[in-house]
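Below: the structure, in structure tokens.
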Amino acid sequence: MQTLDKAIDLVMAGADLSRAPLIVAIGGTLTPNSSTEKALRLALAGAAAAGADTRIVAGPELEMPLYAFERKERCDASRNLVETLRLADGIILGSPGYHGSISGLVKNALDYTEDMARDEWPYFHGRPVGAVATGAGWQGAVATLTALRGIVHALRGWNTPLGVAINTAQPVFDAAGACLDPKIDGMLRDMGREVAQAARVRALMFAAPAAA
């Protein structure tokens, strides 16, 4: 059954609509409070304003061994990443632009989704995914955003209509994480709302129908 069809059937059956969708953001650099992480937090603020619960996996939490399919042992960080993604109704990815594409740190984290290959909902299947990319110039930021959206497609996720590329050649965020550009601030929050609103369909699918 198609995702939307199943959601409609659950509504007709009296499913509980009160469960807040969980939106998980992943990305940044090993440096806490990087520009990418600040952008992700603003996108999550938009999701929260739309009624979602939110979590972020960023900075040092992304430091884990290079993914190797043949090695079955997992560190605490990679187990936490995968288990958090399994709970997610929607996802927001963020990466700095490194040499024309996403960083190795973010790519390695996404490679660990192979541990979800045999799940009932493998990889990002059925989940809306927003993407944000930062770079010291428009060329790198846009190329990185395009790469992220391609990866989302490969992982069976649904790219939100809005993705955000940010040129950090000039200061964009202050030390506290506030965005200095109202247009970028609005775009990040709007993308977070898009993810949250689309994720409600998935959250609905896991809600138990109300008792007759």
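The values are calculated or read from the model by the stated rules, or taken from the named source; none is laboratory data. Note that this is a predicted model, so its numbers are computed, not measured. As a convention, Cβ positions derive from the backbone with ideal geometry for all residues, glycine included, and neighbour counts pool all protein chains shown. Please note that ligands, DNA and RNA were not included when accessible areas were found on the heavy atoms of the full protein model with its side chains. Shrake-Rupley method; radii C 1.70, N 1.55, O 1.52, S 1.80 Å.
Values computed for the structure shown
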| quantity | calculated |
| --- | --- |
| One residue from SER95, SER101 being in contact with a helix residue (DSSP H, G or I) (Cβ under 7 Å, 6 or more places away or on another chain) and open to solvent by less than 10 Å² (accessible area, probe 1.4 Å) | SER95 |
| Which listed residue, of GLY59, GLY46, GLY28, is in contact with an Asp or Glu (Cβ under 9 Å, 6 or more places away or on another chain), surrounded by 23 or more Cβ atoms within 10 Å (Cβ to Cβ) and on the phi > 0 side of the Ramachandran plot | GLY28 |
| Residue satisfying all of: in segment 110-142; in a helix (DSSP H, G or I) and in contact with a strand residue (DSSP E or B) (Cβ under 6 Å, 6 or more places away or on another chain); most open to solvent (accessible area, probe 1.4 Å) among these | TRP138 |
| Filter result (surrounded by 13 or more Cβ atoms within 10 Å (Cβ to Cβ) and not hydrophobic (A, V, I, L, M, F, W, C)) within segment 64-90 | PRO65, TYR67, ARG74, SER78, ARG79, ASN80, THR84, ARG86, ASP89, GLY90 |
| Scan of segment 152-177 for residues that are in contact with an Asp or Glu (Cβ under 8 Å, 6 or more places away or on another chain) and either hydrophobic (A, V, I, L, M, F, W, C) or in a helix (DSSP H, G or I) (or both), ordered by number | LEU162, VAL172 |
| Near pairs, Cβ below 9 angstrom, 6+ apart or cross-chain, from segment 163-184 (over 18 Å from THR144 (Cβ atoms)) to any residue that is open to solvent by 60 Å² or more (accessible area, probe 1.4 Å) and assigned to a helix (DSSP H, G or I) | GLY177/ARG41 |
| Cβ pairs under 6 Å, 6+ apart, first in segment 48-64 and touching a residue at least 12 places away in the same chain (Cβ under 8 Å) and within 14 Å of GLY94 (Cα to Cα), second in a loop (DSSP other than H, G, I, E, B) and of a type in the set (Gly, Ala, Ser) | ALA58/GLY28; GLY59/GLY28 |
| Single match in ALA203, ALA198 (criterion: in a helix (DSSP H, G or I), hydrophobic (A, V, I, L, M, F, W, C), open to solvent by less than 40 Å² (accessible area, probe 1.4 Å) and modelled with pLDDT under 95) | ALA203 |
| Condition check for LYS183: under 14 Å from the mean Cα position of the chain (by Cα) and of a type in the set (Lys, Arg) | no |
